Amino acid sequence: MKTNLKTILTTSFAIFLLAVTTAFSQSQRKPASLGREEYIEVEKNVKLHVTDLGEGKPVVLIHGWPLSDAMYEYQYAELIQKGYRVIGITLRGFGLSDKPGGAYNYDVYADDIKVILDKLKIEDATIGGFSMGGATVIHYVAKYNAAHVSKLALFGAAAPLWTKRADFNYGFWTKEDVNGLIALNNTNRPQLFENFGKIFPANETSVSAGQGAWLGTIQAQASPYAMAESMKALRDTDLREDLKKIKIPTLILHGTQDKICSYELAEQMHKSITNSTLIPFEKSGHALFIEELPKFNAELIKFIK
């Protein structure tokens, strides 16, 4: 009995000593991370993935359909090197973000962005968006009167409308076309990816096979449900009134050979947004962020400065 008690006391003391030593060691350690959250809750049971790297003036980037914030890998690298803080937000339903049932539209996306920028206490940021993300940031700036941001950048944006109307005969897509895309998404999503992959770049060589495979791994993470619901937003949303509400400096980068969001859309945005600058990318289709990577990064950084 005495032996057992002695053993128990010795073991207990050893455990106590180890706990004290560990706690002391941890208290002395300088944190290696910046202490930023990678997943931020925007509503109950919905967390979004956020890439938050670097230090300095903030740049917030929103991806396009059906990608994620990972698409900005080569923008992050240069912006961090140049002394900026990059905040890439993956919209619900895509990438590593939660994929709940429910509504998917520009209102929901704008509300989610607002929650994140509120929580991060971001001020005086440049916010940029690609394709559907461009439409999303237009709606964010209009709805929230440019809260947290002082500049807007649009990359191949799917705005002011992605589908033609009786009073808007621009772009490539009709509502019936998009209904066909939704049907294909719901019956043969790999075919939908393949079809879009063919028209994503300006030509067969402007995006390498490796780059195409990289983008493919990103888009495959998207929820099929979110993809279909987001296409309904792309099909139905008219942002012409939102464009009139934008007063902050705006940069529009757009490929002249874009087969997904026609260059005509960029011209319409430029006409409607006061204090906007349109820069054509002559060698690019929709993938201007990799097709003309050096020019894309240089123009974005020049605008941020």
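Which ones in the range 267-294 are within 30 Å of Trp214 (Cβ to Cβ) and open to solvent by less than 10 Å² (accessible area, probe 1.4 Å)?
Passing the criteria: Met269, Phe281, Ser284, Gly285, His286, Ala287, Leu288, Phe289.
Taking only the range 129-157 into account, find how many residues are out of contact with any strand residue (DSSP E or B) (no Cβ under 9 Å at 6 or more places or on another chain) and within 17 Å of Met231 (Cβ to Cβ). Please lay out each step first, then the result.
Narrowing the range 129-157 to residues out of contact with any strand residue (DSSP E or B) (no Cβ under 9 Å at 6 or more places or on another chain): 139, 142-145, 147.
When the remaining residues are screened for being within 17 Å of Met231 (Cβ to Cβ), the result is 139.
Selection size over the range 129-157: 1.
Those residues that are under 21 Å from Phe289 (Cα atoms) and either at pLDDT below 95 or among the aliphatic types (A, V, I, L, M) (or both), I need them from the range 143-177; list them, please.
Leu152, Ala153, Leu154, Ala157, Ala158, Ala159
In the range 102-148, which residues are open to solvent by 20 Å² or more (accessible area, probe 1.4 Å), touching a Leu at 6+ places or on another chain (Cβ under 9 Å) and within 18 Å of Asp236 (Cβ to Cβ)?
Val108, His139, listed by residue number.
Test each condition in (1) touching a helix residue (DSSP H, G or I) at 6+ places or on another chain (Cβ under 7 Å); (2) farther than 16 Å from Ile252 by Cβ for Gly129 and report the one that comes out false.
Unmet condition: (2).
Counting only residues that are touching a Lys or Arg at 6+ places or on another chain (Cβ under 9 Å) and among the hydroxyl-bearing types (Ser, Thr, Tyr), how many does the range 34-92 have?
2
Just to be sure, is Lys198 free of Cβ contacts under 8 Å to residues at least 40 places away in the same chain, among the basic types (Lys, Arg) and either touching a strand residue (DSSP E or B) at 6+ places or on another chain (Cβ under 6 Å) or surrounded by 14 or more Cβ atoms within 10 Å (Cβ to Cβ) (or both)?
Working: free of Cβ contacts under 8 Å to residues at least 40 places away in the same chain: yes; among the basic types (Lys, Arg): yes; either touching a strand residue (DSSP E or B) at 6+ places or on another chain (Cβ under 6 Å) or surrounded by 14 or more Cβ atoms within 10 Å (Cβ to Cβ) (or both): no.
So Lys198 does not fit the description; no.
Evaluate the following for Glu241: is it surrounded by fewer than 16 Cβ atoms within 10 Å (Cβ to Cβ) and modelled with pLDDT under 95? Working first, answer last.
Details: surrounded by fewer than 16 Cβ atoms within 10 Å (Cβ to Cβ): yes; modelled with pLDDT under 95: no.
No; evaluated as a whole, the condition is false for this residue.
Give, as residue ranges, the strands (runs of 3 or more DSSP E) completely inside the range 39-128 that count at least 3 residues that are touching an Asp or Glu at 6+ places or on another chain (Cβ under 7 Å) and farther than 25 Å from Ala287 by Cβ.
It comes to none.
Please list, ordered by first then second residue, the pairs with beta carbon atoms under 8 Å, 6 or more apart or interchain, first in the range 132-148 and free of Cβ contacts under 8 Å to residues at least 40 places away in the same chain and within 19 Å of Thr274 (Cβ to Cβ), second open to solvent by 10 Å² or more (accessible area, probe 1.4 Å) and among the small types (Gly, Ala, Ser).
Every condition considered, no pair remains.
Among the numbered criteria (1) open to solvent by 30 Å² or more (accessible area, probe 1.4 Å); (2) in contact (Cβ under 8 Å) with a residue 40 or more places away in the chain, which single criterion is violated by Glu204?
(2)
The values are calculated or read from the model by the stated rules, or taken from the named source; none is laboratory data. The model shown is predicted, which means the values in this text are computed figures rather than measured ones. Using ideal geometry, Cβ is built from the backbone for each residue, glycine included, and neighbour counts are taken over all protein chains shown. Protein only, heavy atoms only, side chains kept; ligands, DNA and RNA dropped before computing areas. Shrake-Rupley method; radii C 1.70, N 1.55, O 1.52, S 1.80 Å.
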